[in-house]
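Worksheet: one structure, shown below.
The values are calculated or read from the model by the stated rules, or taken from the named source; none is laboratory data. These figures come from a predicted structure and were not determined experimentally. Here the Cβ positions follow ideal geometry from the backbone for every residue, glycine too, while neighbour counts run over all protein chains shown.
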C-alpha cells in the first residue's frame, strides 16, 4: 500500500475539528492529533500546520510499519514484497509466456484442447472439502484418461514439452504443472484475441497489435498474472467432478458451474473452453433461457471491433477459475541474489 495522499487526508480532519481532539484516520488505523493554538489552548479551527503534523505522523507510521519484519495493519500482507523477488518472478513469467506462445503458434489446432485442459484441471474443485482445483492433477495418467478428458493428451504433451524448456532456464526451480497449464490457457486466449484484432485490420499485424492494445483488454490480465505460485497435487483428483462437456446437458453444465460458485453468465463466456466446438456449445447453451441472453451478448460483443465486453468477462472468469481453492506462494520461483564481497573493494 502506498503512502496516504495529502488531498485524501485533509477531508478526514475537518469533521472532527469542533471536538477536544481531532483524529486523523488512516487506512486500518487512526492517529490521535490534538489541535492547539500557539498558546497551547485547544481551538475549533484546523490550520495547515496542524494538518501537516497529522499527515507527517501518518507517513512516519507507514515508514515504521514498512521497515518492521512483523506484519502490520498499515500494510497489505504480501509474501513477495521484496522488489527483487517481484522482478525475478515477472521476468520469469515473461519468458514462460514467450515459450508457450511459440509452442501454441506452431500448433494452432491445440488452442481449444489447451483451454479445456485448463478448465478440466480447475473444475475438480469441491467447495465442501476444499479439495481439487487447478492443481496439475490432470497430468496423471489415471485422470487424463477419463472420458471427460478425451482428446486432451496432445495438449498435455505440448505443456510437458514446454515445461522441459522452461525448467532448463529457470533459476528458481521447476515450474509447477498447475501454473503452466493455466498460463498455457492464458496464452491461447491472448493469441486468439490478437488474431481476431489482426483479421479486423485486414491481416496487418502491426495495426492488429495496436488495435488490441488500444482498447485496454490486455491490461485486464494484471490480477491473473499475480496469481502465480500454485502447488501441484501429488495424486489424481477424485472421479465424477468434471462433466463430459461435449455430451453434457445445459443443466449439467449449469449445475457444475453453480457448484464452483458461478452462474449462467460465466458459463456462457467460457463456451470456448467447453469442448472442441465453440459454436456447437453456444448453440446448445442458447436453448436455455437463463443462459441465452449471455450467449447473445457475447456474440454481439465479438462482432464489434474491440470485443471488450466479451474479453473482459472472459479474462475475469478465467482468473477466478484458475485459482479455485489454491493458496498462492508469492515467493515461488524467486532465488537468492549473489552477495557482493566488499572485502575485495579498494576504497
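If I ask for residues that are surrounded by fewer than 20 Cβ atoms within 10 Å (Cβ to Cβ) and in contact with a helix residue (DSSP H, G or I) (Cβ under 7 Å, 6 or more places away or on another chain), which ones from segment 210-226 would you list?
Scanning segment 210-226 gives 211, 215, 218, 220, 221, 223, 225.
So for segment 319-333 (the condition being in contact with a helix residue (DSSP H, G or I) (Cβ under 6 Å, 6 or more places away or on another chain), at pLDDT below 95, in a helix (DSSP H, G or I) and crowded, with 18+ Cβ neighbours inside 10 Å), does at least one residue qualify?
Checked against the condition, which is being in contact with a helix residue (DSSP H, G or I) (Cβ under 6 Å, 6 or more places away or on another chain), at pLDDT below 95, in a helix (DSSP H, G or I) and crowded, with 18+ Cβ neighbours inside 10 Å, segment 319-333 yields no hits at all.
Modelled with pLDDT of 95 or more and within 21 Å of residue 98 (Cα to Cα): which single residue out of 273, 228, 262 fits that description?
228
Need the failing condition index for residue 221 against (1) over 16 Å from the mean Cα position of the chain (by Cα); (2) at negative phi, just the number.
The single condition residue 221 does not satisfy is (1).
Residue check, residue 234 against (1) in contact (Cβ under 8 Å) with a residue 12 or more places away in the chain; (2) surrounded by fewer than 17 Cβ atoms within 10 Å (Cβ to Cβ); (3) not in a helix (DSSP H, G or I), all met but one. Which one?
Of the numbered conditions (1) in contact (Cβ under 8 Å) with a residue 12 or more places away in the chain; (2) surrounded by fewer than 17 Cβ atoms within 10 Å (Cβ to Cβ); (3) not in a helix (DSSP H, G or I), the odd one out for residue 234 is (1).
Of the residues that make up segment 151-174, is at least one closer than 16 Å to residue 235 by Cβ, in the same structural domain as residue 233 (by TED's automatic domain parsing) and in contact with a helix residue (DSSP H, G or I) (Cβ under 8 Å, 6 or more places away or on another chain)?
no
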